[in-house]
Amino acid sequence: MANPRTVRIVRRALPWLLGWFAVQALLALAGRLTARRKNEGDESSPSIRRVMTLGGLELRPTNPQLTRLRVDLGMAGAEIDLTGLPRPSTGIDLTARVVMGGLAVRVPADWRVWWRFRGVGGIGADGTVQRTRDEHAADLRVHAAVVFGGIGIDGPRA
């Protein structure tokens, strides 16, 4: 026999919990459909675009001619590892749109990084990253629009 008070609390909470799970399922489905339509390239492409909702993404580009990365995250996280690439001659443009998510970017130690950040959240780099104020001299240019999220730029792992 269950406690009548517990039964009453469960009956009140159950519709809210079911509604929350339904919203999460709809977001996941919408994200998957958008990703199927918008994702471009693979790790060996010179231009890559990824859309991710409610999950995680690991990307390790291998094409030395890489010029553009675009990542759209909704309640998701991503890790981009650029340490396997040589220094680009013209630089790589990374455009990140993040809503309630996070992005970690790992760059080689000798790369210069420039970034422009708009939104509510933050962007930061560890002590091994060389930040430059000159957009055109940068090896990686990060254009970020973030709402309730963050972006971290790190050097290679020791």
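Results, tabulated for the structure shown:
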| item | result |
| --- | --- |
| Full-extension gain in nm, PHE21 to ARG8, via 0.36 nm per residue minus C-alpha separation | 2.6 nm |
| Under-5 Å amide H pairs with TRP115, H placed in peptide plane, nonlocal only | VAL142 |
| Amide H contacts of VAL147 (H built 1.01 Å from N, under 5 Å, at least 5 apart or other chain) | VAL98, VAL99, MET100, VAL120 |
| Using θ = phi - 60° and Karplus 6.51 cos²θ - 1.76 cosθ + 1.60, couplings along segment 140-146 (whole Hz; Gly, Pro as x) | 10, 10, 9, 10, 10, 10, 10 |
| Mean residue ellipticity (222 nm) of the chain, computed from DSSP H runs ≥ 4 via -39,500 (n - 2.57), nearest 500 | -8000 deg cm²/dmol |
| Taking segment 71-139 and dividing mean pair separation by its residue count, relative contact order in percent (alpha carbons under 8 Å, at least six apart) | 37 |
| From phi via Karplus (6.51, -1.76, 1.60), per-residue ³J(HN,Hα) for segment 8-14 in Hz, x at Gly/Pro | 5, 5, 5, 5, 6, 7, 4 |
| Mean separation of Cα contacts under 8 Å (6+ apart) over length of the chain, as relative contact order % | 18 |
| Expected-Rg normalisation [2.2 N^0.38 Å, Cα atoms] applied to segment 39-154 | 0.96 |
| Dipole magnitude (debye, nearest 20) for segment 39-154, charges at Cβ of Lys, Arg, Asp, Glu | 340 |
| Rounded if a/c under 1.5, otherwise prolate or oblate - segment 87-144, Cα gyration tensor axes | prolate |
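Bear in mind that the values in this text are calculations on the coordinates, not laboratory data. All values reported here derive from a predicted model rather than from experimental measurement. Counting neighbours? That spans all protein chains shown, and the Cβs are built from the backbone with ideal geometry, glycine included.
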